[in-house]
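Heads up, the thing below is written out as structure tokens.
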Amino acid sequence: MLHIDSMDRDVSTARCLARAALAGNPSDLFGGAVVAVPVESVGATVGVTASDTFQIPGLDRFPSSLDELDHIVETSGCGTAQPLVVATLVTLWRRFQADLSPVMVDVETGIPRSVGLAGSSAIVVATIRALISHQPHRTWARRLAADPWLLASTALGAETSVLGITAGMQDRLVQAIGENLFMDFSRHPTDHSLPTDQRFRVLGPLPGVAFVALLPATASHSGAVHARTDTSTASFTAAMGDLARTAHDAAWAIDAHDADGLGAAMNATFDLRASCMALEPAHVAMVVAARRRGAAATYTGSGGAVTVLCSDDDAASDTAAALRRDLGCQVLPLP
């Protein structure tokens, strides 16, 4: 599902939404399972315009080919202004030998940074979509347009292989498909020969009323969060197994339109995370405040945002108002 916003003869734009996890995270990084959803209220938009050279903010040179850009990255890195865009272009070259004509790239994003809403992967996925839209008849573009798993794994490679970011498929797969998803990473997560229904499953609408609350001032990079965690212990391994089961429980609850069951899976996800990872007190305070109002809550990712589930609109309005008033949270609706 490409979600292309507009295209003309010279300019193409594409948008990619933020992502919020509901249950199971971060077991997806350890062969587990997760349920996550797109956040329709915020996203990243990338525009590409035909050009004589590749023009990307932050690069002091303007290469005329992806091969030349790859050489720049090897010798000087991806720059500082838009390294995600540079890494995406280089990944298309390294993985597909993409015959991409030069473009000028422009990025706009409304996703708060480093709060666990997958803002980085949104830029990468939106960049790939815009490039597909710009040159849709190229072989690499047709392959990526037809296969959301391939698009997601390509986006993941841009961050992990080129930029060295710790990440998994969860964010990119939700963003590539644009639907509520159950994802199981317990069997060969990069094996393209597996049938689609053994890797992920599209879920229906969420029961209850959900929203995201966030504290941008307390943002923390996911890589730093995971670096503080000892993943070698038996207790951590056991927690990851229990987390995977919460994702299965959450998917079952969504299928049954059972808000109480989904809330229980979300709460269990947070409790298991807290049992094996060092958590930022300000982020924990959001979960505690939501629970005091009878809501369920868990981390959206590894930054400064939480997903909150309430029984109805009145409860959601009351809980959101309390989080704004008492903690200074921003609130984003789901969907």
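First select every other residue whose beta carbon is under 10 angstrom from the beta carbon of Ala21; then total the charges, Lys and Arg +1, Asp and Glu -1.
On the way: positive: Arg19; negative: Asp28, Asp171.
Result for the neighbourhood of Ala21: -1.
Our note on the geometry: Cα centres of segment 307-335 and segment 25-87, 33 Å apart. Take the Cα of Ser76, step 7 Å toward its Cβ, do the same at Thr166, and the gap between the two points is 3.1 nm.
Neighbour counts of other C-beta atoms within 10 Å: give me Arg291, Arg199 arranged from fewest to most. Can you show the working numbers first?
Numbers: Arg291 16, Arg199 20.
Ascending Cβ contact count within 10 Å gives the list Arg291, Arg199.
Using equal-weight Cα scatterers in the Debye expression, the normalised intensity of the chain in log10 at q = 0.08 Å⁻¹ is -0.37.
Counting Lys and Arg as +1 and Asp and Glu as -1, what is the net charge of the other residues whose Cβ lies under 11 Å from the Cβ of Leu203?
Numbers: positive: Arg201; negative: Glu179, Asp255.
In short, -1.
Spacing of the modelled spin labels on Ser51 and Ala278, each 7 Å from Cα toward Cβ, amounts to 4.2 nm. With a cut-off of 14 Å between beta carbons, the residues surrounding Thr237 carry a summed charge of -1, where Lys and Arg count +1 and Asp and Glu -1.
Rounded to two decimals, the Cα radius of gyration of segment 81-168 over 2.2 N^0.38 Å is 1.03. Footprinting exposure proxy ranking of Asp260, Asp249, Asp314, fewest other C-beta atoms within 10 angstrom first, gives Asp314, Asp260, Asp249.
Do you know the relative contact order of the chain, to the nearest whole percent, from alpha carbon pairs under 8 angstrom that are 6+ apart?
On the way: 717 pairs, mean separation 79.6, N = 335.
After rounding, I find 24 percent.
To make sure I understand, if each residue's beta carbon is the centre and we count other beta carbons within 10 Å, what order do Asp171, Asp60 fall in, fewest to most?
Details: Asp171 32, Asp60 7.
Fewest to most other Cβ atoms nearby, the residues stand as Asp60, Asp171.
Could you tell me how many degrees, from 0 to 90 and to the nearest 10, lie between the Cα long axis of helix 234-255 and the main elongation axis, the longest principal axis, of the Cα atoms of the chain? On a 0 to 90 degree scale, this one is about 90. Against the chain, whose longest principal axis comes from its Cα atoms, helix 83-96 is set at around 70 degrees. Based on the Stokes-Einstein relation at 10 °C and a viscosity of 1.306 mPa s, and on the Kirkwood radius from alpha carbon pairs, segment 4-202 is assigned a translational diffusion coefficient of 94 µm²/s.
Grab the Cα-Cα distance for Asp60 and Thr139, subtract it from 0.36 nm times how many residues apart they are, and report the gain in nm with one decimal. Don't jump to the answer; show the numbers that get you there.
On the way: separation 79, 0.36 × 79 = 28.44 nm, distance 3.01 nm.
Net length gain for the segment: 25.4 nm.
Distance between the modelled labels on Leu327 and Asp230, one decimal in nanometres: 2.8 nm (7 Å Cα→Cβ projection).
Only the coordinates and a few stated rules stand behind these numbers; no lab work does. Everything numeric here is computed off the predicted structure, so don't read it as measured data. Every residue, glycine as well, gets a Cβ built from its backbone with ideal geometry; the counts of neighbours run over all protein chains shown.
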